[in-house]
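The values are calculated or read from the model by the stated rules, or taken from the named source; none is laboratory data. Only a predicted model underlies this, so the values are computations on that prediction, with no experimental measurement involved. Cβ placement follows ideal geometry from the backbone for every residue including glycine, while neighbour counts extend to all protein chains displayed. In case anyone asks, the SASA skips ligands and DNA or RNA and just uses the protein heavy atoms, side chains included. Shrake-Rupley method; radii C 1.70, N 1.55, O 1.52, S 1.80 Å.
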Amino acid sequence: MSNEIAILGAGMHPWGKWGRNFVEYGVAAAREALADAGVPWRDVRFVSGGATVRCGYPGYVAGATFAQALGWQGAEVNTSYAACASGSQALAAARNKILAGECEVALVIGADTTPKGFLAPAGGYRPEDPDWVRFYLGITNPTYFALYARRRMDLYGDTQADFAKVKVKNAAAGSKNPRARYTKCFTEEDVAASAMVADPLRLMDICATSDGGAALIVSSVDYAKRIGKGDAPRIAAISTVTPSFASGVVEMPDIATDSAAAEGIEAQSFRAALPIKAYEEAGIGPEDVDVAEVYDLSTALELDWIEDLRLCERGDAAKLLRGGDTRIGGRIPVNPSGGLACFGEAVPAQALAQVCELTWQLRGQSGERQVEGARVGITANQGLFGHGSSVIIKR
Amino acid sequence: MSDKPLAAAIDGWHTLGEQPHLIGTRCCGCGTYFFPKQTHYCKNPDCDSNEFEEVELSRTGTVWSYTNACYKPPAPFVAAEPFEPYTIAAVQLEKEQMTVLGQVVAGVSTADLKVGMPMELVLETLHEAEDDIKVTWKWKPVA
Ligand SMILES: [Zn+2]
């Protein structure tokens, strides 16, 4: 199809708590992706960066920062900020540039260094800032994940043991991933023994924040063919749609949802909307998907995503999990990378890390994590400020 | 207990008194409710009104979901020493077709709640300040 681009190379700096400048991680990831692609740096004519807002000034101009670090060579640059979807938005910018015929090869890159300590809003009395309001009233990030998790329990009969099973599954996958931060295997008992943070979620149900960097070399299909890589995995769809009013799920950092009281307005789920455009754009359906990388900020959230991607009926994700369908070797493996459970979130790099994993999966290069015969993969993530994304790659 | 006067933790977000209500706004064009108050533009994509009336929101609703806070949140939260875990609920308001978060009154745990349970809005202490006791809205199971 005419709107496809090829993924020639993928690279990641291992996730961790390294405490170094994020540019280092980005450069390492970019060099790995360039080597993987077999493309000289000077051939890259567009550098599209996912921005971090945590690292001050250079973070805001990620595209230029990474282009300079790799050595200025006159490429054009772009910087995208879209919270957790920053990487996907940067990828979409590269795709547009390529499909418009303005460049043949682009580097898409994101990296982050997590600040030390707990992120808290500025002090004073600032009721106009929703972040200030919710922290003042005692509502933290885990509150939201726990509300979603508890609702699953009351509505669908999910249990805390089910959530623990997600962690056990992802830890087992991540133990075989050298790029993951946490590579230890856990049992359900380990999860149950960890401290309760926000009932029903325990410490081991909630993902950490990490340092990391991820990069992709993407090109026109024409260019890929010319260098003998016509069979490289292709980006078939990128969805970065906003929510639709009225958002019926209370989202961080808000204290209330939209009201759906107006004539003709219905409550909507943002998460469920994200993959719809992706499936439409790729011209495929959930039944065609072989593997998924979803944003498991909490264990329970992985189950929500499985339903949002329509890999099963609403409310049936735990059934899929219990049957082993979502583990490597199952019918529809989810988070074969180990997911955020094993990586921790490195915001501007995370959406790209999901695509890196799918690239290796579709090429059959994932070793012990390999999803046999994977030809279609989908990602999903959602972050702050109405940002989220879903990317489909296929071979 | 101190004899300091009571004051709203956040000014103008709820009425004070026996049967408190959250104070929101309602779009004069399409009827969409807003909490916190919205007074400059309507977020309904089919509405370009910028006229709003201040309204008291329903003070009862049903539980959408619930959780608790086992660890002390960072500032600006003001924690009692020692920190006492508290319960939190998201409550759906029928007329307004919206869900509002809030703490649940002291003495109610997550084990006492269930999705769909009727709740009402009351005022309770959020924390004690130098000159007064800051109260805020909390959800309470309807007896
Ligand atoms: Zn309106």
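Here are the numbers for the structure shown:
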{"read-out": "Along chain A, longest interval not containing exposed GluC sites (Glu not before Pro), exposed being DSSP loop plus at most 15 other Cβ atoms within 10 Å", "value": "A:129-262"}
{"read-out": "The stretch A:1-155 - accessible surface per residue (Å², probe 1.4 Å)", "value": "38 Å²"}
{"read-out": "Heavy-atom surface of the stretch B:60-141, accessible at 1.4 Å and reported per residue (Å²)", "value": "42 Å²"}
{"read-out": "Relative contact order (%) - criterion: Cα under 8 Å, at least six apart; region: the stretch B:60-141", "value": "32 percent"}
{"read-out": "Over the stretch A:305-395, relative contact order from alpha-carbon pairs under 8 Å, at least 6 apart, %", "value": "19 percent"}
{"read-out": "Antiparallel %, DSSP beta bridges [both residues in the stretch B:26-142], to 5", "value": "95 percent"}
{"read-out": "Lys/Arg +1, Asp/Glu -1 at C-beta; chain A dipole; positive extreme among A:Ala193, A:Ile227, A:Met252", "value": "A:Ile227"}
{"read-out": "Label-to-label distance, nm, for residues given as B:Glu56 and A:Arg20 (7 Å Cα→Cβ offset)", "value": "6.2 nm"}
{"read-out": "Calculated FRET value between B:Asp3 and B:Ala79, using beta carbons and R₀ = 22 Å, to 0.05", "value": "0.50"}
{"read-out": "Estimated D of the stretch B:60-141 in µm² per second, where Rh is the Kirkwood radius over Cα pairs and Stokes-Einstein applies at 37 °C, 0.692 mPa s", "value": "246 µm²/s"}
{"read-out": "Carbon + sulfur, % of accessible area of the stretch B:60-141 - ligands and nucleic acids excluded, 1.4 Å", "value": "51 percent"}
{"read-out": "The stretch B:43-143: chymotrypsin sites (Phe, Trp or Tyr not before Pro) falling in loop per DSSP and having at most 11 other Cβ within 10 Å", "value": "none"}
{"read-out": "Net dipole in debye of the stretch A:114-194 [+1 Lys, Arg Cβ; -1 Asp, Glu Cβ; about Cα centre; nearest 20]", "value": "400 debye"}
{"read-out": "Equivalent ellipsoid semi-axes, the protein assembly as shown, via Cα gyration tensor eigenvalues times 5, rooted, Å", "value": "42, 25, 23"}
{"read-out": "Sum of side-chain charges, A:Ala172 neighbourhood, beta-carbon under 13 Å (Lys, Arg +1; Asp, Glu -1)", "value": "+4"}
{"read-out": "A:Ala272-B:Gln19 FRET efficiency (beta carbon distance; Förster radius 25 Å; 0.05 resolution)", "value": "0.10"}
{"read-out": "Length-normalised contact order of chain A in % [C-alpha pairs under 8 Å, at least 6 apart]", "value": "24 percent"}
{"read-out": "Cα centre as origin, Lys/Arg/Asp/Glu Cβ charges: the protein assembly as shown dipole, Debye", "value": "2000 debye"}
{"read-out": "Residues with amide H under 5 Å from that of B:Phe52, placed H, sequence gap 5 or more", "value": "B:Cys28"}
{"read-out": "Angle between chain A longest axis and helix A:22-37 axis [Cα atoms, degrees, rounded to 10]", "value": "60 degrees"}
{"read-out": "Of A:Gly323, B:Ser109, B:Val122, farthest towards positive along the dipole that unit charges on Lys, Arg, Asp, Glu beta carbons give the protein assembly as shown", "value": "A:Gly323"}
{"read-out": "In nm, spacing of pseudo-spin labels at A:Thr159 and B:His40 (7 Å Cα→C-beta vector)", "value": "5.1 nm"}
{"read-out": "Fraction of antiparallel bridges per DSSP, the stretch A:237-395 only, in percent to nearest 5", "value": "55 percent"}
{"read-out": "Nearby lysines by direct alpha-carbon distance to B:Lys95 (threshold 17 angstrom, same-chain neighbours under 8 apart not counted)", "value": "B:Lys37"}
{"read-out": "Per-pair calculated FRET efficiency, R0 = 51 Å: B:Glu130 and A:Asp288 via Cβ, rounded to 0.05", "value": "0.20"}
{"read-out": "Of A:Lys17/A:Lys176; A:Lys97/A:Lys394; A:Lys169/A:Lys229, those spanning more than 26 Å from alpha-carbon to alpha-carbon", "value": "A:Lys169/A:Lys229"}
{"read-out": "Antiparallel bridge percentage (DSSP; both residues within chain A; nearest 5)", "value": "65 percent"}
{"read-out": "Listing of the stretch A:127-146 residues, each with accessible area lower by at least 50 Å² in the full protein assembly than in the chain alone (probe 1.4 Å)", "value": "A:Tyr136, A:Leu137, A:Gly138"}
{"read-out": "Between the stretch B:61-125 and the stretch A:191-227, the Cα center-to-center distance that results, in Å", "value": "31 Å"}
{"read-out": "Descending semi-axes in Å of chain B, equivalent ellipsoid built from Cα gyration tensor", "value": "28, 19, 14"}
{"read-out": "Separation in nanometres of the label points that stand 7 Å from Cα toward Cβ, at A:Ala193 and A:Glu313", "value": "3.9 nm"}
{"read-out": "Heavy-atom accessible surface that A and B bury in contact, both chains counted, 1.4 Å, Å² to 100", "value": "3600 Å²"}
{"read-out": "Whole-Å distance, taken between Cα centres, linking the stretch A:354-382 and the stretch A:58-113", "value": "23 Å"}
{"read-out": "Choice from A:Ser239, A:Ser366, A:Ser88 showing the highest fluctuation, given a GNM over chain A with Cα pairs closer than 10 Å", "value": "A:Ser366"}
